[in-house]
Amino acid sequence: MATTTRTRCVLRIHFHLAEQGAGEEVFARLLTLVEDITPCYQPHPPDTVDAELTGALRFWAPRGPYEIASVLRLRALAHAGISSTAGIGPSPMIAAMAAAATPHGQITVVGPDPVTVTAFLRPRHVATLPGVGPATAKTLAQFGILTIGQLADTPPPTLARLLGTQTARELNARARGIDDRPAQRAALVRSTTASHRFAHDELDPDQHHRALLSLAEELGQRLRASKEVCTGLAIVVRYADNSSTTRNKRLPEPTAHTAALTHTSLDLHRALGLQRARVRSISLRAEGLTGIEAAFHQLLLDPGDDKARRIEQVADAARAKYGPHIIGPAALAAQQPSPPSPAHRPLARRTPL
């Protein structure tokens with residue numbers, strides 16, 4: 001008796017939590033909605049989920065993948081007031097790329113047949129392929145490899161000389177649409193996220209820098225208020241074309257110290273190699289949260305570090321008493337002209353009676 005192989009189907013859904021000012025509590029609630037669709041899903045905090053629909057399709061028949069995604073989006077909007085964008089494909093990679101290329105609040109479906117997958121992948125810029133960072137994209141561009149199709153056509157030995165054997169093997173497989181990774185559940189690592197959405201797609205690196213300073217300050221205040229520390233930091237930069245880049249880094253020691261969070265966030269931002277990128281939003285995520293009692297502080301022979309921590313304690317006390325915006329970094333002060341002094345104010349004109 002012949003056996004039939006079920007075609008794989010994966011849904012990548014991006015919930016727009018940052019736009020509605022929602023946090024990880026809402027994300028955890030949205031995961032229960034995903035679980036109502038399928039028990040096979042993989043959360044990617046703070047706002048994205050991969051859901052394996054392969055087995056669920058038989059239970060949801062005659063609804064197809066597009067209808068299932070529409071139901072999930074409608075439920076997220078009805079239960080939590082959260083809009084979303086979705087991509088569907090035959091693997092987590094294709095689904096993620098489809099979601100990144102989808103207009104805000106819509107759904108893109110990439111069919112499972114190899115011809116459709118190839119047609120979707122080949123014309124796209126090589127930087128949109130997962131695993132290709134700014135440095136790798138720059139190296140490939142130097143040799144005229146600008147699209148995923150050109151990457152797939154490059155002989156593996158040539159690619160290995162440019163990128164190394166392991167990286168070349170992985171990227172060559174991805175360029176041909178091969179991705180066998182499962183969408184599997186994992187315990188949610190506690191985290192907290194602060195996000196900044198620019199009023200328009202921002203090109204100015206100084207504005208990116210100011211946003212990171214503000215986000216690190218917000219995370220530090222939040223962690224110290226809840227008596228927690230984080231063990232890692234991640235930055236998520238979303239661009240004008242709705243694609244995004246994520247980088248994370250483990251901290252030298254668990255901390256809630258704003259200066260340490262700021263230093264690491266700026267390192268992560270520099271590592272992205274952004275030059276004239278049109279940035280729509282920046283998110284900073286403190287990962288691996290734990291109680292402050294489990295943390296330790298490496299003593300340094302640096303009086304400046306101790307002074308900064310004492311100032312931080314005083315600033316936190318002032319915020320607790322007078323409000324969160326009573327004090328902050330000088331670099332974030334509004335650049336507004338100071339009001340004229342009384343001596344230089346024009347005299348009021350009196351109207352004769």
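The values are calculated or read from the model by the stated rules, or taken from the named source; none is laboratory data. What you are looking at is a predicted structure, and each value in this text was computed from that prediction instead of being measured. All Cβ positions, glycine included, derive from the backbone under ideal geometry; neighbour counts span all protein chains shown.
This table checks each residue for (1) in contact with a helix residue (DSSP H, G or I) (Cβ under 7 Å, 6 or more places away or on another chain); (2) at pLDDT 90 or above; (3) more than 27 Å from Thr85 (Cβ to Cβ); (4) not polar (S, T, N, Q).
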| site | (1), (2), (3), (4) |
| --- | --- |
| Arg210 | yes, yes, yes, yes |
| Ala225 | no, no, yes, yes |
| Ala240 | no, no, no, yes |
| Ala259 | yes, no, yes, yes |
| Gly273 | yes, no, no, yes |
| Val279 | yes, yes, no, yes |
| Gln298 | no, no, yes, no |
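Only one of the listed residues (Glu52, Glu67) is surrounded by 18 or more Cβ atoms within 10 Å (Cβ to Cβ), within 30 Å of Arg122 (Cβ to Cβ), out of contact with any helix residue (DSSP H, G or I) (no Cβ under 7 Å at 6 or more places or on another chain) and among the acidic types (Asp, Glu). That residue is Glu52.
Pull out all pairs, ordered by first then second residue, where Cβ-Cβ is under 6 Å, the residues are six or more apart or on different chains, the first lies in the range 163-180 and is under 14 Å from Met97 (Cβ atoms), and the second is modelled with pLDDT under 90. Sorted first by the residue in the range 163-180, then by its partner, the pairs are Leu171/Gly131.
Considering only the range 95-131, how many residues are of a type outside the set (Val, Ile, Thr) and assigned to a helix (DSSP H, G or I)? The total comes to 11. Screening Thr128, Thr154, Thr167, Thr136 for residues that are over 30 Å from Val34 (Cα atoms), modelled with pLDDT of 90 or more and of a type in the set (Val, Ile, Thr) leaves exactly one candidate, Thr154.
Among the residues of the range 12-32, is any farther than 27 Å from Gly288 by Cα and not assigned by TED's automatic domain parsing to the domain that holds Arg285? Scanning the range 12-32 turns up no residue that is farther than 27 Å from Gly288 by Cα and not assigned by TED's automatic domain parsing to the domain that holds Arg285. The lone criterion from (1) loosely packed, with under 15 Cβ neighbours inside 10 Å; (2) within 13 Å of Val279 (Cα to Cα); (3) more than 16 Å from the chain's Cα centre (by Cα) left unmet by Ala225 is number (2). Listed conditions (1) of a type outside the set (Val, Ile, Thr); (2) surrounded by fewer than 18 Cβ atoms within 10 Å (Cβ to Cβ); (3) farther than 30 Å from Val117 by Cα are all met by Ala211, apart from (2).
Can we say Thr167 is within 19 Å of Thr118 (Cα to Cα), of a type in the set (Ser, Thr, Tyr) and outside the structural domain of Pro90 (by TED's automatic domain parsing)? When the stated conditions are applied, Thr167 does not pass them. Residue count for the range 119-140, restricted to those that are of a type in the set (S, T, N, Q) and surrounded by 15 or more Cβ atoms within 10 Å (Cβ to Cβ): 2. Scanning the range 38-55 for residues that are over 18 Å from Ser84 (Cβ atoms) and hydrophobic (A, V, I, L, M, F, W, C) returns a single hit, Cys40.
Evaluated against (1) modelled with pLDDT under 95; (2) over 16 Å from the mean Cα position of the chain (by Cα); (3) assigned to a helix (DSSP H, G or I), Tyr66 falls short on exactly one condition, (1).
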